[in-house]
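Notes to accompany the following structure.
The values are calculated or read from the model by the stated rules, or taken from the named source; none is laboratory data. This is a predicted model, so every value here is computed, not measured. In this analysis, Cβ positions are derived from the backbone assuming ideal geometry, glycine residues included, and neighbour counts consider all displayed protein chains. The area values use the complete protein model at the heavy-atom level, side chains included, leaving out ligands, DNA and RNA. Shrake-Rupley method; radii C 1.70, N 1.55, O 1.52, S 1.80 Å.
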Amino acid sequence: MEDKLVTLAILTYTKAQILKNVLENEGIETYIHNVNQIQPVVSSGVRLRIKESDLPRALKITESSTWLAESIVGEKDPKIEKQSNKILIPVDFSDYSIKACEFGFKLANVEDSEVILLHVYFTPIYASSLPYGDVFNYQIGDEESVKIIIQKVHSDLEILSDKIKKKIASGEFPNIKYTCILREGIPEEEILRYVKEQHPKVIIMGTRGKNQKDIDLIGSVTAEVIERSRTAVLAIPENTPFKQFNDAKRIAFLTNFDQRDLIAFETFFNAWKAFHFSVSFIHLAESKDTWNEIKLAGIKEYFHKQYPGLEIHYDVVMNDNLLKGLDQYIKDHQIDIITMTSYKRNIFARLFNPGIARKMLFHSDTPLLVIR
């Protein structure tokens, strides 16, 4: 009987390529699917597939891999460092990066903050320096190809900077301090490293939104940053109808009635209380459960005492398709921003169950704010 292929992990292309070579060095055949054929390195959400019979051994290798363990599980929480007065906007020179810049610049103007535009580029030289022996075998006769990559990156950054300068001159963007930073490496790793070093108050990232298939995007850089960042991440779809946080009138906060949700909401409220909006607490359920109603009533009582001046709504959204139910609720109640928490999950949950944050990220044109 033919050995069928199974998906081991959904990763960014660069990570999938590294893991593919790690596994093949151990004699495990691997295949990468959903690759952007024109620009492989910018592929989002590729699937790393192996033979089903190799799965137990591949899982053992994956679990023991230092790179993957850090990447998937994350490190232990460090002591809380003082937050800087910076807003980080990772950019890839796309139209949705410009949309993220628009939000970020306008938020920085209100918050009296500095904007950091960070672009991470990947070169063969970087790949060959990774600690995996002959994981990559690029044939480079000289450094000419690397020079071309770096020249292109600098050119793209200058074009982006010129666009921003024009938007500032026209009054479309506020005139605030901003800095452009280039780093070499794997995008999500360098973004998270910058966050760990500099402690920005928020990360604002662009996404394509619902006009793209979520299967193609489920392993994107934005989703990786959302799941691993200790700083709040605001993901802005390209087709979001409004242009700044001030325009948000109603925010939906997804809750599982967990104590961590209450702590996260406190963090959220303190960070964004300068803005005026109402909040809808939503619990997503596939079927009616009286216990959910009781817990929602308890949350209602708690929040009325804690935030007497805040307009709050409470709903259990029932649908056997959770995303469809939430999508309908967003339309019916004119929700401007979805807010949710991101809990750490173990390595296997991360590998096999991408989670609702990733699905929401690419299902909707509504911005998503994720709080650790």
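Considering only residues of the range 279-297 that are in contact with an Asp or Glu (Cβ under 9 Å, 6 or more places away or on another chain) and exposed (fewer than 13 other Cβ atoms within 10 Å of the Cβ), which is nearest to I335 (Cα to Cα)?
Here the residue is E286.
Being part of a helix (DSSP H, G or I) and open to solvent by less than 50 Å² (accessible area, probe 1.4 Å) is the filter here, so list the residues in the range 303-339 that pass it.
In the first step, residues of the range 303-339 are kept if they are part of a helix (DSSP H, G or I); the result is 303-306, 322-333.
Once the filter is applied, which keeps residues that are part of a helix (DSSP H, G or I) and open to solvent by less than 50 Å² (accessible area, probe 1.4 Å), the range 303-339 yields F303, L323, G325, L326, D327, Y329, I330.
Kindly indicate whether K300 is open to solvent by 70 Å² or more (accessible area, probe 1.4 Å), modelled with pLDDT of 80 or more, in a helix (DSSP H, G or I) and basic (K, R).
Here the answer is yes, as K300 does meet what is asked.
Show me the helices (runs of 4 or more DSSP H) found entirely inside the range 155-268 where at least 1 residues are in contact (Cβ under 8 Å) with a residue 24 or more places away in the chain, open to solvent by 10 Å² or more (accessible area, probe 1.4 Å) and within 15 Å of T339 (Cα to Cα).
Where helices (runs of 4 or more DSSP H) fall fully within the range 155-268 and carry at least 1 residues being in contact (Cβ under 8 Å) with a residue 24 or more places away in the chain, open to solvent by 10 Å² or more (accessible area, probe 1.4 Å) and within 15 Å of T339 (Cα to Cα), they are 221-228.
Taking K152 as the residue in question, decide whether it is over 21 Å from S94 (Cβ atoms), open to solvent by 40 Å² or more (accessible area, probe 1.4 Å) and at pLDDT 80 or above.
No, not satisfied.
Looking at the range 8-26, is at least one residue within 22 Å of S220 (Cβ to Cβ), modelled with pLDDT under 75 and not in a helix (DSSP H, G or I)?
No, there is no match, as no residue in the range 8-26 is within 22 Å of S220 (Cβ to Cβ), modelled with pLDDT under 75 and not in a helix (DSSP H, G or I).
Does at least one position in the range 171-179 carry a residue that is modelled with pLDDT of 85 or more and hydrophobic (A, V, I, L, M, F, W, C)?
Yes, the range 171-179 contains a residue that is modelled with pLDDT of 85 or more and hydrophobic (A, V, I, L, M, F, W, C).
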